[in-house]
Every structure is written in C-alpha cells, then in structure tokens.
Amino acid sequence: MKNIFKISLLVLIIAQFSCKNDDDIQIDIDTDGDGIYDAIEIDNGTDKNDPCDPQQEAGYTDYDATNAIWSNANCDDDSILNGDEIANGTNPYIDNTSYAVAELLPNLSELNLFKGLMSNIEPIETVHVFDLQTSLYTDYAKKIRFISIPKDENMVYNGAGLPIYPNNTILTKTFYYLNDERDESLGKKIIETRVLIKKAGIWEIGNYIWNDEQTDAVRDESGTTLPITWINNEGIERSFTYEVPDYAACVKCHENNGTRMPIGPKIRNINVGNQLQHYIDLGLLTNAPAVSEITKLPNWEDDDTYSLEERGRAYLDVNCAHCHQTGGFFNVNFFDSFDLRFELLFDDTNIANVKDNINIRMSLDPSSEYVMPQIGTAIRHEEGYALMLEYVNSL
Ligand SMILES: [Ca+2]
Ligand SMILES: [Ca+2]
Ligand SMILES: [Ca+2]
C-alpha cells in the first residue's frame, strides 16, 4: 500500500515537473475558474484565460464562482456578469434577462415592470427609475418614474428637448401619498400609474388605477375621484378629493399639433446628477456630446444654484408650457398669444403681459374664472405659487 502511494506521488511530481517546464503549466491550476484545469485546456485547444471557452451547456455547474476572472466575465452575453447572475440566482449560461412588455395590457402587472411586490414600486433590472430637475406639481402627490428601453435599442440624443425614443419605449409615472411624510415606514397609498408607450412612432397613452390591496392596477380610460388624507412633513393632516384624469384629459396635456408626446423626460430635464452619464455608460443614450455640454433645466427649488428668473421659467416650462405653447391645447383652441417654453427668449414668451393672469389663476381663488393648471390642482401649490409671485413681481 505504501509503495503504491509512493509511486502515485512520484508520478504526480514528475507530471508537475514536466508541466512546469512546459509553459509553466500546473495540472491542478484553473486560472479562469471555468472548472477545467489549465493543462487540460491546453490539451483540448481551449483558452485557459477565457472563462467562457469552452462554451458550456445551461446545466453546467463546475465553475468556481469565487474566481474573479470567471465572476467578472459574462458567458451568456446578456447585460449581467456571471458573479451577479449567481448573486441574483439567475443562470450564467442562459440569457434569461427579463424585459418589460410594451403593450397597454389590462393589468399593470402584465407589463412586467415591477420587481417583487408591486407596492414597493421597484423596477426589474432592465427598467430604470429616473428623476427630473423640475417636475410637474400634482396636488402634492409623490411620484416615481420608470423608463424601459427595449433590448438592443437606445435613445438618440437630439438636442436638449426630447431624445428620439425607440419604438417600444415605456415611460411610467406612479402617483402615491405617504400616510405620514415624516415617516415613510408608516406606509403609503398608491393611486395611479400613467403609462406612455411608443408604438410604430406614435405614443400610446394608458392609465392604471391601483386596487385597494395595492397588489395591481387596472387599465382605465374614464378617470375617477377618490378621497385622500395624509399628514404632510409639517405634521398637518390634509384631506381632499384626488382626481384621476380620463383619457381626454391625458391627451389635452400630451398633445401638440395633434401629435401625442411625453412632457417631462426632455434631455435638459433628465440631466440630473450623473443620470445622463449612466445612460451613456449603459449604451441607452447615443450620439450625445459630453454631459458637461448639455443644457440643464434649472431645479425650481434650488435657489443656491439658480436665479429667480431661471427657477420661475423652469417652473412655468414644466407646469404650464405643455398647454401654453404654439401647438399646445390653449394656443390651438384660444389665443396663440404667449408661449411659456424655457428655451424661448423672455421677450418671445409674452410673460410680461400675462403675469397678472399667472398670479390670479395659480392662486386657485374660487372667484377666478379659471384655475391653473387645470388638471391635477385641487390644492394650491403654496411653494410654487410663492415662487411665481416673487418672479412676476420682479418683472
Ligand atoms: Ca480553465
Ligand atoms: Ca477556459
Ligand atoms: Ca450573463
């Protein structure tokens, strides 16, 4: 027995010795972590430094997940590294990446946008939460926005306005109220998710109203009202009747000269922090110049960085300009006399001549013939109104 052991050891030493002399190969080393020793890879003609060579079947499990070369490789050529696939519990040898479904199906869950419990409002890997520099005010509702760009597609930079979104892009905005804004752990009430999907060059609009159980939302075109009560960040309880818009109201804001389009996600408005750079790095935004050269819409709340005029103009752009611009609902149906878009020179907006109207209508004074904005404002936006007062009084 002892002799057999000695002979085996001798054979092993000779084998190791001969391998070391042959390109410094040891028989028990697997450099790339694919589970096949370097010496065998050389014998077989596969690459000892390529963890995806030889190609493996889906059921293969002899890899070494602790090997950095293997875990940083992407053997199924999807967007997720081998190591992350192990962490996520997905198969590193099959591209089973999940994508959202770009159809206005009856239930929101069928669009496959959400990961885990829908009420957590967290997207799957290929759907991205995005923020805006300045966002539309809607009766103090909180909002979470998602964007889904289909597989192997990208947004194409087209100046500071809307990028060219590929067909089957999905944009969503989910509206909710925290029960108590001072403590998120006390829960929230999700009301609606508004969805835009680009199909064959045309933006389709769908709205989904969440059920009481907060497990799903159902497509709806007729709108509804529901009572909302919440405690704001100053500890004051507020109650009012929330209005979910019907299809006609959606179109009113989202149409310009008869063409439906998104409002918020213009390049200048999604130019927040490193968000654009992140999209460029992921290959989701192409043809863009250096981010430092891209216009940024001012954040209306950031008075450290932006002037009163910049903040006022940004607020008007996001909250009013979709109706009040050439081709917008108001200008087409009433007077094409002013245009509140941020990119216009002040003298071309006619703000100076309508400033008193801006004040009166934003005050939501019941004696006023019209209140502004007409949709999504049952409660006056005190902070926005204060900004507008200060701005128009400065003119
Ligand atoms: Ca190997
Ligand atoms: Ca290999
Ligand atoms: Ca992968």
What is the dipole size for the stretch 308-393, taken about its Cα centre, with +1 at each Lys and Arg Cβ and -1 at each Asp and Glu Cβ, in debye to the nearest 20?
-> 200 debye
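Pull out the extension gain between residue 95 and residue 115, defined as 0.36 nm times the separation in residues minus the alpha carbon to alpha carbon distance; nm, one decimal.
This chain segment gains 5.4 nm when fully extended.
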Proxy reagent accessibility, fewest Cβ within 10 Å first, across 344, 276, 364 = 364, 344, 276
For the stretch 108-293, the dipole about the Cα centre with charges only on Cβ (Lys and Arg +1, Asp and Glu -1), to the nearest 20 debye, works out at 540 debye
Listed residues 302, 43, 131; largest mean-square fluctuation, Gaussian network over the chain with Cα springs below 10 Å, found at 43
Classify the stretch 38-146 as rounded, prolate or oblate from the Cα gyration tensor: take a ≥ b ≥ c as the square roots of its eigenvalues, call it rounded if a/c is under 1.5, otherwise prolate when a/b beats b/c and oblate if not.
-> prolate
Two-site FRET efficiency, residue 215 against residue 47, from Cβ-Cβ distance with R₀ of 35 Å, rounded to 0.05 | 0.10
Using 11 Å as the cut-off for backbone N distance, which residues of the stretch 340-372 belong to the label zone defined by a point 7 Å from the Cα of residue 395 along Cα→Cβ?
-> 340, 346-359
What does the highest-first list of 310-316, 347-353 look like by mean Cβ count within 10 Å?
-> 310-316, 347-353
Debye, to nearest 20: dipole size of the stretch 188-279, +1 on Lys, Arg Cβ, -1 on Asp, Glu Cβ | 560 debye
P(r) weight above 16 Å for the stretch 279-346, C-alpha pairs, percent | 59 percent
Please find, in a Gaussian network model of the chain (springs between Cα atoms separated by less than 10 Å), the residue of 367, 135, 98 whose mean-square fluctuation is greatest.
-> 367
Mind running the shape call on the stretch 308-393? Use the C-alpha gyration tensor, a ≥ b ≥ c as the square roots of the eigenvalues: rounded below 1.5 for a/c, prolate if a/b tops b/c, oblate otherwise.
-> oblate
The correct pair for the chain, radius of gyration to one decimal and Dmax as a whole number, both in Å and from Cα atoms, is 28.7, 107
When the chain is treated as a GNM, springs tying every alpha-carbon pair under 10 Å, which of 148, 337, 239 comes out with the largest mean-square fluctuation?
-> 239
Backbone N within the stretch 211-237 under 14 Å of label point (7 Å from residue 107 Cα along the Cβ vector) | 211-219
Computed over the stretch 108-293, the convex hull of the Cα set has an average projected area, in nm², of 11.5 nm²
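What 222 nm value per residue comes from the helices of the chain, counting each DSSP H run with n ≥ 4 as -39,500 (n - 2.57) and dividing by all residues, nearest 500 deg cm²/dmol? Walk me through the intermediate numbers first.
Numbers: 12 runs with 102 residues, N = 395.
Computed ellipticity for the chain at 222 nm equals -7000 deg cm²/dmol.
None of the figures in this text is laboratory data; all of them are computed from the coordinates on show. Keep in mind it's a predicted model, so treat the numbers as computed, not measured. Neighbour counts are summed over all protein chains in view; Cβ atoms, including those assigned to glycine, are modelled from backbone coordinates with ideal geometry.
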